[in-house]
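For reference, the structure is listed below as structure tokens.
The values are calculated or read from the model by the stated rules, or taken from the named source; none is laboratory data. All values derive from a computational prediction rather than experimental measurement. Every residue, glycine as well, gets a Cβ built from its backbone with ideal geometry; the counts of neighbours run over all protein chains shown.
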Ligand code: DMJ
């Protein structure tokens with residue numbers, strides 16, 4: 001074994017000490033000390049110097065007056081250091097933001113600060129900065145000072161300006177609400193903001209599209225689909241609920257004097273049932289005015305020829321003037337969601353008129369679908385043939401377009417009928433098991449729960465915005481006594497649906513997203529170029545309403561508020577109305593599509609209002625069930 005070298009160990013024993021030689025002269029002592037110092041190894045000397053330096057620093061640091069001085073210096077040093085680090089921080093900041101991005105909103109001020117980052121993920125931020133365009137901080141400033149003018153066609157948010165000024169003047173003083181130990185103060189009157197949004201939409205409709213199906217707000221014109229005043233009828237009960245009396249009365253006058261279903265037009269059975277029949281029935285219930293019931297009976301009766309098919313599975317289209325019906329030109333198939341999401345309305349029409357034909361027709365459809373083969377764990381394909389009555393295009397399963405409201409109406413019919421029709425409940429519960437088994441997955445990196453699609457056994461992480469009805473439906477089921485785990489799943493999916501908005505640069509969801517599932521993905525959500533549009537759809541707001549009603553968790557309201565503000569920012573047209581947009585990923589130019597769908601007034605704004613309303617009796621979910629177009633229909637009295 002080799003003897004340890006001098007540098008292998010540390011000895012603090014000074015050579016010579018204890019040798020018995022004692023010299024007290026100063027010079028000897030100096031020489032002796034120096035000699036001893038020289039005898040030390042470099043490591044020993046460094047160690048001693050370090051120890052002395054450390055003791056000095058500690059001594060100084062504990063002196064209060066010196067501490068104050070150094071604190072000042074430290075701030076300066078930090079600022080300089082931050083500067084030096086800035087380029088690095090700037091590069092990694094978006095990634096850091098993503099990792100830290102809370103899934104629940106913070107306080108309004110924190111949220112505002114974060115919103116600036118949220119609108120600009122790495123790609124966009126770089127692009128904006130390179131182009132010298134709107135930076136994150138500019139966005140934040142402009143949000144606070146003046147509405148952003150995004151488009152060449154100026155969509156200046158006048159109503160927001162008006163409201164902000166009014167709010168500032170009034171300083172709306174809402175009493176503090178205690179919740180879970182926190183005190184929360186409503187910063188603005190959100191209900192009034194929804195009413196303002198409705199008035200603004202209505203202004204455009206009234207000026208440029210009165211009595212027509214849809215407003216084209218950019219071109220200040222209108223579009224016709226069925227030629228039946230679709231937007232006006234869809235919006236009737238919303239006006240009633242929002243207490244917009246003047247607007248409601250004007251619309252009612254149009255219904256009584258202008259609306260006629262005696263027209264040679266082809267209408268889609270499903271769309272006219274959920275929007276027109278549903279809208280008229282609910283308005284009748286809210287107002288008690290038989291004008292609306294008479295009109296409902298008229299359109300309901302005119303739609304009945306759709307059921308004259310070999311299989312009793314209805315055709316998609318009906319000519320309400322001629323009394324004829326037919327499938328689309330290219331197929332004899334109907335869409336599964338369409339034929340199974342007209343039941344609430346026709347059943348209610350039978351109950352009100354005591355004419356059983358309506359209910360008999362739609363119940364037969366449900367009974368047939370109940371027995372059909374071709375389901376997978378309760379999941380249904382998207383098409384059904386009107387001749388054979390069989391599913392077609394087997395092996396493809398989604399909770400999005402063409403199947404969505406089948407699941408919604410299983411539960412809602414069961415609730416409407418007083419929870420007695422067990423076949424409906426069984427199908428609903430089985431379908432949910434099918435969803436869990438086949439379609440439910442987690443995204444990366446944030447492990448958001450999402451509902452994908454299945455095509456011949458192959459899973460696709462694609463999710464339509466339409467699927468965002470599901471959190472609300474699950475929550476409704478749990479409220480009506482179904483397993484509590486449905487509520488847990490509802491909460492998870494609600495989070496996901498909100499993230500579909502929050503992770504976009506405009507804060508508005510695209511029509512379709514693809515979730516990332518690979519470890520190490522940067523964001524949870526990918527959006528294909530063709531899927532970047534937003535049609536002002538209601539599903540997420542609808543679910544937020546249910547989740548808030550049942551949990552009273554204020555975050556759902558805050559999420560809704562954020563969404564409403566983004567609708568105002570990116571879809572509001574200065575001359576009146578809101579428009580669907582082509583690109584939710586481009587806040588500079590979201591590219592208006594020049595169309596305001598009737599469901600924006602029928603559903604989206606109504607659900608916003610209900611979300612922000614504190615009155616649990618306003619359309620109590622123990623008394624009403626909403627059809628898939630947000631028209632409330634009564635839950636039948638148990639005696640029936
Ligand atoms: C509405 O007509 C209904 O909500 C329907 O169930 C789905 N599509 C639109 C809204 O997105």
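Yes/no matrix, rows are residues, columns are (1) within 16 Å of the ligand (Cβ to nearest atom); (2) assigned to a helix (DSSP H, G or I):
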{"residue": "239", "(1), (2)": "no, yes"}
{"residue": "267", "(1), (2)": "yes, no"}
{"residue": "280", "(1), (2)": "yes, yes"}
{"residue": "293", "(1), (2)": "no, yes"}
{"residue": "309", "(1), (2)": "no, no"}
{"residue": "314", "(1), (2)": "no, no"}
{"residue": "322", "(1), (2)": "no, no"}
{"residue": "330", "(1), (2)": "no, no"}
{"residue": "341", "(1), (2)": "yes, no"}
Residue 558: out of contact with any strand residue (DSSP E or B) (no Cβ under 8 Å at 6 or more places or on another chain), assigned to a loop (DSSP other than H, G, I, E, B) and at pLDDT 95 or above, yes or no? no
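One line per residue, one yes/no per condition, for (1) over 21 Å from residue 450 (Cβ atoms); (2) within 16 Å of the ligand (Cβ to nearest atom); (3) surrounded by fewer than 20 Cβ atoms within 10 Å (Cβ to Cβ):
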residue: 499; (1), (2), (3): no, no, no
residue: 505; (1), (2), (3): no, no, no
residue: 516; (1), (2), (3): no, no, yes
residue: 549; (1), (2), (3): yes, no, no
residue: 582; (1), (2), (3): yes, no, yes
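Identify all residues within segment 344-355 that are away from the ligand (no atom under 13 Å from the Cβ), part of a helix (DSSP H, G or I) and out of contact with any strand residue (DSSP E or B) (no Cβ under 6 Å at 6 or more places or on another chain); write none if there are none.
346, 347, 349, 350, 351, 352, 353
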Could you check how many residues of segment 584-602 are within 16 Å of the ligand (Cβ to nearest atom) and touching a helix residue (DSSP H, G or I) at 6+ places or on another chain (Cβ under 7 Å)? 6
When residues of segment 397-428 are limited to those that are surrounded by fewer than 18 Cβ atoms within 10 Å (Cβ to Cβ) and touching a residue at least 24 places away in the same chain (Cβ under 8 Å), the one farthest from residue 477 (Cα to Cα): 401
Is it the case that residue 541 is within 16 Å of the chain's Cα centre (by Cα), in contact (Cβ under 8 Å) with a residue 24 or more places away in the chain and more than 16 Å from the ligand (Cβ to nearest atom)? no
With part of a helix (DSSP H, G or I), within 16 Å of the ligand (Cβ to nearest atom) and either in contact with a helix residue (DSSP H, G or I) (Cβ under 8 Å, 6 or more places away or on another chain) or modelled with pLDDT under 95 (or both) as the only criterion, which of 424, 432, 411 stands out? 411
Pairs with Cβ under 7 Å, 6+ apart, first in segment 581-608 and on the phi > 0 side of the Ramachandran plot, second at pLDDT 95 or above and more than 11 Å from the ligand (Cβ to nearest atom): 591/581; 591/582; 591/583; 594/216; 594/217; 594/218; 594/219; 594/579
Starting from residues that are farther than 15 Å from residue 557 by Cβ and over 18 Å from the mean Cα position of the chain (by Cα), keep the ones in segment 603-620 and report whichever is nearest to the ligand (Cβ to nearest atom). 619
Which residues, taken from segment 461-486, are in contact (Cβ under 8 Å) with a residue 40 or more places away in the chain, away from the ligand (no atom under 16 Å from the Cβ) and more than 15 Å from residue 412 (Cβ to Cβ)? 461, 462
